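What follows is calculated from the coordinates using simple rules that are stated; it is not laboratory data. Not measured: the values here are computed from a predicted model. A quick note on method: Cβ atoms are made from the backbone with ideal geometry, for glycine too, and the neighbour counts reach across all protein chains shown.
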Amino acid sequence: MSKKLRFAPLVALLIAGATMAPSAHAQKSKKKKKDKQEVTATPTPAPKRDDGKPKPYSEVITSKTVTDEGLFKVHKIDEKYFYEIPDTLLNRDMLMVSRIAKTATNIGYGGEELNTQVLRWERKGNNILLRVVSYENVAADSLEIYHSVQNSNLAPVIQAFDIKAFGPGTQVVEVTDLFSKDVTSLGLDKRRREQYKVRKLDDKRTFIEGIKSFPINVEARSLMTYEATDAPANSSTGTITLELNHSMLLLPKKPMPARTFDQRVGFFTIRQTDFGTDEQRAAKRQYIVRWRLEPKDEAAYARGELVEPKKQIVYYIDPATPMKWRPYLKQGVEDWNKAFEAAGFKNAIVAKDPPSFEEDPEFSTEDARYSVIRYFSSETQNAYGPNVHDPRSGEILESHIGWYHNVMNLLRNWYFIQTAAVNPDARGVQFKDEVMGELIRFVSAHEVGHTLGLPHNMGSSAAYPVEKLRDPNFTKEMGTAPSIMDYARFNYVAQPEDKGVALMPGIGVYDKHAVKWGYTYFPEKNGHDNDQKLTAWIRAHENDPMYRFGRQQGNPIDPSSQTEDLGDDAMLASTYGIANLKRLMPNLIEWTKEENKDYDDLQEMYSQVLGQWNRYMGHVTANIGGVYENYKTYDQKGDVYSYVPKEKQKRAVKFLNEQGFSTPTWMLDDNILRKIESAGTVERVRNAQVNILNNVLDAGRMARMIEAQATVGTGAYTLLEMMSDLRGGIWAEVNSGKNIDTYRRNLQRGYLERMAYLMTDQEKNSNATSRSSRGGTQIDVSQSDIRPVVRGELIALQSQIKAALPKAKDTMTKYHLQDALYRIDDILNPKS
């Protein structure tokens, strides 16, 4: 699911940390109802001065003032808001998390994060400066170089405030403009401003909805109205209106001890450049992102007993979440307790329903003290799991998991396409609640894993031998992958005779290993971890694929770190997967039908069949020119990078010729096609097959094959061999004398266009210096062996076609071959 790492992504991927409140109820006990009150003060005397200098406290905070006690006292006078900042909180680091609270269609979702930044309130004479602080460059404050680092990292001022009055150890400033004017770092993000062509913030239609103060945070909410040329909703108004919530959270005075990142165990990280080391250079540091877990009973913990943490990780379920799905979302959260047991903690993580209004009238899902699974009424088929962390240490402070309503449709499609051939529970367009509930639990656990600091581990799904995925005993014990953080999905390898086989992953061996490594508590010793023990845990499993971390890649170089795959052999696993798709096709109408409904579900599921078949082709293609990546350190034997064996690459090309480039007649079911479209099948298949072919003939892939031959010689599967095998499959009819059908003619023309691209187009697109970085490998195509090989292949093909053309009996085949010769000649002898 997304990182956006968006994340990830964006991810991916994104979040930070600080001390969190134990629970809503505990916080409530610290904040009494009388917090909001009219403050009794001396009546306003004579006329107020207008010189801009601080006034007596009693002239500013009067009997008309409504005050809310908390981290700062928040005063409201008419429609103006004031912060009373204690001296003790000046120059303290605070994390500001800005989120969309309410929005219109197509402008994000309620709960979506816009910005996270560290702020510091600083006094300068009769002013308070609000600065944004960076921790990218650091040095210990005891070192001489510390002052140089500080001088090179001057914190920008985002707002300056006149001090209105001094209280006993406090200063009062007005913050109305901070939350009602267009302060860039607190408003709509740059991407949306550009996308919607935002001109300005309309002050007259912008208001502060309220500011509340709590023991360790202040929550401010504003209704913001922007003038926009391309407003995505209610466009006739020319405006974008949304509510933003800003959570300002006090960071711990003493940061949590940081744990150094090791690339052999996957974690999200923070990065710092440390100028205060003896490395004779600025040291690049990476620390993992994790929650602060400390045992209640350190003595019992040291004896190896399971101990509860001083403070649990608590997730609240959004009140907007349908009641029937809440238990499954909670189970997905609490499934991680078995992993935390490996780190010595019991009951480390828990999910709760939100408190009622009577229990806590001030509970808010936007409150940065609370981690929440937010439920979005959206057609987006996704979920995401970010976290907010302390940039000084990597301590996770809270998380807002985004759960889109239509993720259920995505889950239905996956489960149907990947398991319906062997699983009666997946045969239908609407699953039983218990079935959908377990699918929700699976995705919930995956997203929670992200919020614990774990990125996707795409190397996990290749750990199990393919045949083991058909073994009921093995899969019931081990699941379908060692990590739920892979995109392993569901068991498409299982065949109808494999009764009782498990069909989905759960918290696995790798997940427990990663949590043990990242969360085991060591008593603080000069701020450093027990690196010796942490390394020993990695070394204990260094050659076991179940404990391997494989990073996420785009067009993967490493075929053992792919999305959506299963097992250690893509050709065998995909053969099983296609066998199940072939079983599915004759039943597609029956398993999608509902009385008095049209064929929309049939059309969607047919597209899903084509999509799943295409994924199998991608899994196989990655083996061609593939390079395995297994992270190691100097004390470990073996290489980090090794070539995929020649035999495996050759099998991959053979598989593609048979399953990818042969006309997929089993998918061309006229009984289905005539119910979902008037035309389009030929073009759909052409597009899919040509995309597969272009992926095989990727310049980066070809570069790796050239390098493999230069490195290992005859032991490599060479570019010449691959191109010859590919030509033999795609142009098989030229040698056999068979007629060439429509689908194959389209594919062969796609082949010629790709060859033309490799010969000429790249050069035109890059001013004679062509570089392909797709797949992560760069090559100057014009100065490599690629063009000579392509030229040689075209000359060989030209000779074959000339020999076959007189024997062609089918008119369309004859015309096609004549056209192919013309195209080849045009590539080899381009006209100026």
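Please list, by residue number, every one of the chymotrypsin sites (Phe, Trp or Tyr not before Pro) in region 283-327 that is coil in DSSP and has at most 16 other beta-carbon atoms within 10 Å. Don't skip to the end; give the middle numbers.
Details: sites: Y287, W291, Y301, Y315, Y316, W325; in loops: none.
Counting only loop positions with at most 16 other Cβ atoms within 10 Å, none of the chymotrypsin sites (Phe, Trp or Tyr not before Pro) in region 283-327 qualifies.
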**Message:** When a/c reaches 1.5 or more, the comparison of a/b and b/c decides; with that in mind, is region 298-547 rounded, prolate or oblate per its Cα gyration tensor?
**Reply:** oblate
**Asked** Near M546, within a Cβ-to-Cβ distance under 13 Å, what is the net charge of the other residues, with Lys and Arg +1 and Asp and Glu -1?
**Response** -3
**Prompt:** How are the C-alpha pair distances of region 56-250 spread across 5 Å bins, as whole percents from the shortest bin up?
**Reply:** 1, 7, 14, 18, 17, 14, 12, 8, 5, 2, 0, 0, 0
**Prompt:** Just how far, in whole angstrom, is region 526-567 from region 795-832 if you go by their alpha carbon centroids?
**Reply:** 50
**Item:** At R0 = 35 Å, FRET efficiency that the Cβ-Cβ distance of V183 and Q381 yields, to 0.05
**Value:** 0.50
**Request:** Could you point to the label whose value was computed as semi-axes √(5λ) of the Cα gyration tensor in Å for the structure here, given (i) 50, 36, 24; (ii) 57, 47, 30; (iii) 55, 30, 29?
**Result:** (iii)
**Message:** Rounded to the nearest 20 debye, what is the charge dipole size of the chain about its Cα centre when +1 sits on each Lys and Arg Cβ and -1 on each Asp and Glu Cβ?
**Reply:** 700
**Prompt:** Spin-label point model (7 Å from Cα, Cβ direction): what's the R271 to K802 distance in nm?
**Reply:** 5.5
**Request:** Just rank K73, K809, fewest to most, by other beta-carbon atoms within 10 angstrom.
**Result:** K809, K73
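For A710 and D670, compute 0.36 nm times the residue count separating them, minus their Cα-Cα distance, and round to one decimal in nm.
So the chain would gain 9.5 nm between A710 and D670.
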**Prompt:** Based on Cβ point charges of +1 for Lys and Arg and -1 for Asp and Glu, what charge dipole magnitude is obtained for region 570-828 about its Cα centre, in debye rounded to the nearest 20?
**Reply:** 680
**Complete:** Counted neighbours (other Cβ, 10 Å), sorted fewest up, put M485, M723, M585 in the order M585, M723, M485
**Prompt:** Computed over the Cα atoms of region 479-583, what is the convex hull's projected area averaged over all directions, in nm²?
**Reply:** 8.9
**Complete:** Per residue, the convex hull enclosing the alpha carbons of region 209-364 has a volume in Å³ of 255
**Request:** With 29 Å as the limit, write out which pairs from K212/K296; K73/K190; K809/K831; K654/K802; K284/K533; K352/K512 have Cα-Cα distances beyond it, or answer none.
**Result:** K212/K296; K73/K190; K809/K831
**Message:** With just the Cα atoms defining each centre, how far is region 701-723 from region 416-472? Give it in Å.
**Reply:** 37
**Complete:** Charge dipole of region 307-390 built from unit charges on the beta carbon (Lys, Arg +1; Asp, Glu -1), centred at mean Cα; most positive-end Cα among S377, S364, A343 is A343
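To make sure I understand, if each residue's beta carbon is the centre and we count other beta carbons within 10 Å, what order do T88, T380 fall in, fewest to most?
Starting with the residue having the fewest Cβ neighbours, the order is T88, T380.
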**Asked** Dipole size in debye (nearest 20) for region 56-250 around its Cα centre, Lys and Arg Cβ +1, Asp and Glu Cβ -1?
**Response** 400
**Message:** What does DSSP give for region 298-547 in terms of the percent of beta bridges that are antiparallel, rounded to the nearest 5?
**Reply:** 30
**Prompt:** Taking the Cα-to-Cβ direction at D826 and at Q286 and moving 7 Å from each Cα, how far apart do the two end points lie in nm?
**Reply:** 4.8
**Complete:** Taking Rh as the Kirkwood radius computed over alpha-carbon pairs of region 414-502 and applying Stokes-Einstein at 20 °C with viscosity 1.002 mPa s, one gets a diffusion coefficient in µm² s⁻¹ of 155
**Complete:** Length gained, D544-K499, 0.36 nm per residue minus C-alpha separation, equals 13.4 nm
**Asked** List the trypsin sites (Lys or Arg not before Pro) in region 586-630 that DSSP assigns to loop (not H, G, I, E or B) and whose Cβ has at most 12 other Cβ atoms within 10 Å. Which are they?
**Response** K597
**Request:** Please name whichever of V388, V333, W517 sits farthest to the positive end of the charge dipole of region 298-547, dipole taken about the Cα centre and charges placed at Cβ: Lys and Arg +1, Asp and Glu -1.
**Result:** W517
**Complete:** Placing +1 on each Lys and Arg Cβ and -1 on each Asp and Glu Cβ in the chain, then taking the dipole about the Cα centre, the residue among N406, S235, M323 whose Cα reaches farthest towards the positive end is S235
**Item:** Per DSSP, loop trypsin sites (Lys or Arg not before Pro) in region 182-218 with at most 15 further Cβ within 10 Å
**Value:** K197
**Asked** Between K654 and K310, what FRET efficiency comes out of the Förster formula 1/(1 + (r/R0)^6) with R0 = 51 Å and r the beta carbon distance, rounded to 0.05?
**Response** 0.30
**Fill in**
Here the FRET efficiency for Q532 versus L720, based on Cβ atoms and R0 = 45 Å and rounded to 0.05, is 0.35
**Item:** Simple spin-label estimate for R749 and T260 in nanometres, 7 Å along Cα-Cβ
**Value:** 6.0
